[in-house]
Every structure is written in C-alpha cells, then in structure tokens.
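Here's the structure, in structure tokens; my notes come after.
The values are calculated or read from the model by the stated rules, or taken from the named source; none is laboratory data. Note that the structure is predicted; figures quoted are calculated from it, not measured. Counting neighbours? That spans all protein chains shown, and the Cβs are built from the backbone with ideal geometry, glycine included. All accessible areas refer to the heavy atoms of the entire protein, side chains included, with ligands and DNA or RNA removed. Shrake-Rupley method; radii C 1.70, N 1.55, O 1.52, S 1.80 Å.
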Amino acid sequence: MDWKHLELELIVLRRDFHKYPESAWTEFRASAIIASYLNRLGYRQLSLGLDNIDPQSVMGRPDEAEIDRQIERAKAQLPESCADGADFIDKMQRYPGVVGVLNTGKDGPVISLRFDIDCVDVNETVLPEHRPNKECFASVNARLDHACGHDAHTAIGLGLAKSLIEKKDELRGEIRLIFQPGEEGCRGAYAMTQKGVVDGSDYFLSLHIGTGVPSGSFALNSHGHLCTTKFDACFTGRAAHAAGAPQEGKNALLAAATAAISLHAIAPHSEGSMRVNVGALSAGTGRNVIADHAVMKAETRGETQDIADYVYKRACEVINGAAAMYETEAEIIKMGSATDADGDAALAERVGAVIRKSDLFGSILNDVPATGSEDATWMMRRVQEQGGQALYMVLGSDITAPHHNGSFDIDENAMINGVRALDIIVDELAK
Ligand SMILES: [Zn+2]
Ligand SMILES: [Zn+2]
C-alpha cells in the first residue's frame, strides 16, 4: 500500500465531504460517492439505502418533501467524476447509507466496522483564519457543517476499503464496511441494527476522531457513553381571542412552558448521573391569540439504561401532567436513541498489542471516558448479545474548537494513522 499517496487522497476526500455536508437521513451525495468509490475498487457486494434500514425503527427523519429536496440537491452537487452517482441515489429508495462487504472466500471471522457520515446542524464560522475558509473547502450548504469530524470518518472508511482490497488474498472471513447515516441525534444506528446489518459479526469496531484525545494518541476503549432518548413533544390546545374569550382557549404555550421548567426539576438518581435538556421551544401564532400549539425538542440521558429509562419515563409523565393542567393534549415522538455498551476488555487487549507494536502513535490510552452519547452502542450491544466482541476507539486529533461548534476543525494528518490502525487490527483479527 502506498500510504503516502493515500494520505493525500484522504485529505481530498475529506475536504469534498466537508464542503457538501448533509444532515441525518439526507446523506445521499455522500452515500453515492461512497458506493461509487467502493464499486470502482471492486466491492461487488454493495447494499444501499433501504436495503440496510428497517423503516419501522427509523427516528428523526425529515418529511418526504424535504427528502425530495435533499435528493435533488445531492444530485446537483455530485462531482463530474462520480458519473454513476445519480444511479446509485435512485437505488437507495429514499434512504441513505451504504454497506460494502469484502468476502475473502475463505473461512474466517465476520468483522464489521462502522463509519458515520452525517454532519451537524450548525453554521460553519466565516472567520477567515478557519482553514476551510482559507483553503476553500468550507460548507456550501447553509446551516450544515461537518463539525464533528464525520467527514474524516467517511474518508477513513474509504481509505480502509482501499487498503483491505489490495491485500484481500492475505485475509480470511468477511469484512463489512458500514457507512451509517444519522449518528447526530442518535437516529441511524438503531434502524440499521434492527435490519440486521451487524448480525453474525464476530467483531465490531468503530472509532471517533478527536473528542479530547490529542494528535499522536490512540484510545483503545472509549466507554461510558450515556444512554439517551431524543424526543419532540407537540402540545395541542385551542385558539381563542385573548381578550374577548380567553376562557374558551386551551393554552398550549403555557402547557409547554410549564413542562419545560418541570422537566429540569426531575429528581436525580442515586445510582448514577443523568441529564435533561429542553433545547428548543416554539409556540403560538399571534400576540392576541391564545396559543393553540407548541413544539418542544428535548432529550434525556442516563449513565445506565435503567437510569435513562427512569428519566425518560418521568419526562413523559411531566409532559402529560403539564398538558393536562391546561386541558391540552401532548404527543411525544421519539427522534433518536442510544444505549450503553462497554467495549470488550479482551478485544481491547488484543488490539492494543498490535497497535503498540506498530509505532503509529506516541501515546496509547487504554480507557477513556466518553463525553456524550453514541448510537453505535446499539450495534455493539447486538454483536455482544450474539456472542461477538465490540470496541469503540478514539483516533487522537487536535481540534480547533469543541465538537459541534462552527469553528471546529481536525488535524487532517491524523486520518492516515486511523486507516493504518484499522488495517492492522483487521489484519490481526482476520489472519
Ligand atoms: Zn457529534
Ligand atoms: Zn461525532
């Protein structure tokens, strides 16, 4: 493998994904480029879109009109070099995501690797010192920015696809490269897991770039992801004249406001940490009208599934209670979720041994605490329940701002060692 050449190619790939970011469930352009790239490499076992998704388990997907707009934009933004991209998009059946399988034809383990491909719903900074602005690969899509590094994850996944197919004859078993839509808001992994994309895996691996781990470091086992439920609460009341007949109104604005304050007063749990956040609230139509509707975007998290279940159950009770106080109706719609899953210590040890031998990293950390939630945990849990082993790793990269901030940028030079590390790990597991 010509690593030097691949290092440059990763930067080109990453910058292209960075310039055309796509939000959860609309990653049609990225999926088309991934499919086209894998196809060109010789990956003949490609499954696209709905083939990898259980539609009943999908959370937080935009409405069909928005999907239409996004498919159109994706096609318009495809590069000329991706001539088969539009055909691939048509084959996706309105759902993004790609799974490429490398079948070695020899008996051996099934190894699944997951790469998330979506961006964050945030504006990228216009500050001239921000490298994407300086070097002309800043986001051209309004309110969307690869501010979590999933552009790098996608590039790393493609780089790995290239390195693995070059040495296919040396490998055994089956390697599944899973390019997952909708990690942000924990929306995509559950539907892929329910469709069975990781079923039968002996090993499951995923990694994140950055997350507080500096360049030159690699963390073998990131654990303690918080279990979470993301949800919208829609309150429906009745509009009325604010002066002429307020008694005939049912005030959805007050119901939602009462719920917002009370949600933040849910009692903590003695067995571990938990979080509640109401992040957005909108209500009403006009100054002199009793508000007949309100929509709240909120999330709950817990250190364990039990604590997460407790806080989500209490949140539903609070919302329904507040709705009842004002004689309104509340509907709660799940928009995303993640569970907890711990990496397997035995796998971390095995991986650690080969990574240490490689000299790729100046510092190798064993355990690092996770900072948020991660829906790859659904895939990890499924694999572990079926007797396989799973690991969630961190590829160190200096970052210019916190994740999800419009000034976020990564150290692009870190990507190549991410590919090399995964290449070595697959080697070890599939030899
Ligand atoms: Zn993120
Ligand atoms: Zn992320």
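Output the Cα-based Rg and Dmax of the stretch 190-276 in Å, rounding Rg to one decimal and Dmax to a whole number.
Cα-based Rg and Dmax for the stretch 190-276 come out at 22.8, 68 Å.
May I ask for the equivalent-ellipsoid semi-axes of the stretch 89-140, computed as the square root of five times each C-alpha gyration tensor eigenvalue and listed largest first in whole Å?
Value: 37, 17, 10 Å, ordered largest first.
For LYS313, which lysines qualify as cross-link partners when the Cα separation must be under 24 Å and same-chain residues fewer than eight apart are set aside?
LYS313 reaches LYS230, LYS297, LYS334.
Rank SER282, GLY272, PHE235 by how far each Cα sits towards the positive end of the charge dipole of the stretch 227-338 (+1 on Lys, Arg Cβ; -1 on Asp, Glu Cβ) and give me just the farthest.
Selected residue: SER282.
Quick one: how many Å² of THR236 are accessible to a 1.4 Å probe, rounded to 10?
The value for THR236 is about 80 Å².
Percent of accessible area on the chain owned by carbon and sulfur, 1.4 Å probe?
49
How far is helix 345-358 tilted off the main Cα axis of the chain, in degrees rounded to 10, range 0 to 90?
Roughly 50 degrees, rounded to the nearest 10.
Which loop-located trypsin sites (Lys or Arg not before Pro) does the stretch 252-354 contain, where loop means any DSSP state but H, G, I, E or B and the Cβ has at most 16 other Cβ atoms within 10 Å?
Passing both the DSSP loop test and the Cβ count: ARG287.
Using only the alpha-carbon atoms, how far is helix 376-385 inclined from the longest principal axis of the chain? Give it as 0 to 90 degrees, nearest 10.
70
Report the trypsin sites (Lys or Arg not before Pro) located in the stretch 68-150 that are in a DSSP loop and have at most 14 other Cβ atoms inside 10 Å of their Cβ, or state none.
Working: sites: ARG69, ARG73, LYS75, LYS91, ARG94, LYS106, ARG114, LYS134, ARG143; in loops: ARG94, LYS106, ARG143.
Here the trypsin sites (Lys or Arg not before Pro) that fit, given the DSSP loop and packing criteria, are LYS106, ARG143.
Please find, in a Gaussian network model of the chain (springs between Cα atoms separated by less than 10 Å), the residue of GLN194, GLN384, GLN77 whose mean-square fluctuation is greatest.
Looking only at GLN194, GLN384, GLN77, the largest GNM fluctuation is found for GLN77.
Can you give the accessible area of TYR43 in Å² (nearest 10), computed on protein heavy atoms with a 1.4 Å probe?
0
Exposed loop GluC sites (Glu not before Pro) only (DSSP loop, at most 15 other Cβ atoms within 10 Å): please give the longest stretch of the chain free of them, not including the sites.
Counting only loop sites that pass the neighbour cut-off, the longest clear stretch is 136-270.
Which of ALA323, ALA35, ALA338 ends up with the largest GNM mean-square fluctuation for the chain, with Cα atoms connected below 10 Å?
ALA323
Once the convex hull of the C-alpha atoms of the stretch 227-338 is built, how many Å³ does it hold per residue, rounded to a whole number?
Per-residue hull volume (Cα only) is 77 Å³.
Report, to two decimal places, the Cα Rg of the chain normalised by 2.2 N^0.38 Å (N = number of residues).
Rg over 2.2 N^0.38 Å, computed on Cα atoms: 1.03.
Relative to the Cα centre, what is the charge dipole magnitude of the chain, using +1 at the beta carbon of each Lys and Arg, -1 at the beta carbon of each Asp and Glu, and rounding to the nearest 20 debye? Don't skip to the answer; put the middle values down first.
Working: 42 positive and 62 negative charges, 43 e Å.
Here the size comes out at about 200 debye.
What dipole magnitude, in Debye to the nearest 20, does the stretch 227-338 give about its Cα centre under +1 on Lys/Arg Cβ and -1 on Asp/Glu Cβ?
280
Do me a favour and compute the ellipsoid semi-axes for the stretch 6-149 from its Cα gyration tensor, root of five times each eigenvalue, largest one first, whole Å.
Computed over the stretch 6-149, the values are 26, 20, 15 Å.
Quick check: the angle from helix 252-263's long axis to the longest principal axis of the chain, C-alpha only, nearest 10 degrees?
Taking Cα atoms only, the helix is inclined about 60 degrees.
Where the Cα atoms of the stretch 269-311 are projected onto their three principal axes, how long is each span, largest first, in whole Å?
Sorted largest first, the three principal extents are 47, 14, 14 Å.
Which residue fluctuates most in the GNM of the chain (Cα springs below 10 Å): ILE89, ILE332, ILE175?
ILE332
Considering only the other residues whose Cβ falls under 15 Å of the Cβ of ASP409, what net charge follows from Lys and Arg at +1 and Asp and Glu at -1? It would help to have the intermediate numbers written out before the result.
Details: positive: ARG14, ARG15, LYS19, ARG131, LYS134; negative: GLU124, GLU129, GLU135, ASP145, ASP151, ASP398, ASP411, GLU412.
Taking every Cβ under 15 Å from that of ASP409, the sum is -3.
Work out the charge dipole of the stretch 121-163 with +1 on the Cβ of Lys and Arg and -1 on the Cβ of Asp and Glu about the Cα centre, then indicate which of ALA147, ASN123, GLY159 is farthest towards its positive end.
After comparing all options, I get GLY159.
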